[in-house]
């Protein structure tokens, strides 16, 4: 009798049958599912990290925003400004700079308000203008008052504890001279420190 080697049949070792193709396929699918779950979890973690990072950046950016930046972004918006003495100024924002905001209460009158005099704002949106550049920073309150002085228009100056109607005569580095409208030639005028000003109204 002849014996062929290796044997053409199959046999079990240790009583266990060799893995079949079906077993190998199911094992591969199970591993793929496990790794798919792992990738899904990683994707969710990455998305959460991104949301946390965006939220942190948003908080950091908001912490750098000044009231003047939001006022500069509010051009053509109707606002109500509450001033230090409790009075309010309503109008459309015509222009704004870091130290002042110009409102139009109606089609003719204007109100120049130092931002330092503002204690609250009604109607202000969430938007903020980019940080003021060098040119905008030069447009200080003194520059705005000098523009009003050149116009020679009658104004009403509301300052802490006093209100005077007249014309702006001179503008210094930190103060402004106002000559009352009914003052005789050579009469004494009023001098206001910038820090006391609340609003300068035209008309």
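Bear in mind that the values in this text are calculations on the coordinates, not laboratory data. This one's a predicted model, so the numbers in the text were calculated from it and none came from an experiment. Backbone-built Cβ (ideal geometry, glycine too); neighbour counts: all protein chains shown.
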>> Quick check on the range 67-202: what are the equivalent-ellipsoid semi-axes from the Cα gyration tensor, as sqrt(5λ), descending, whole Å?
In response: 26, 16, 13
> Taking neighbour counts of Cβ atoms within 10 Å as a proxy for exposure, in what order, fewest first, do 190, 100 appear?
Replying inline: 190, 100
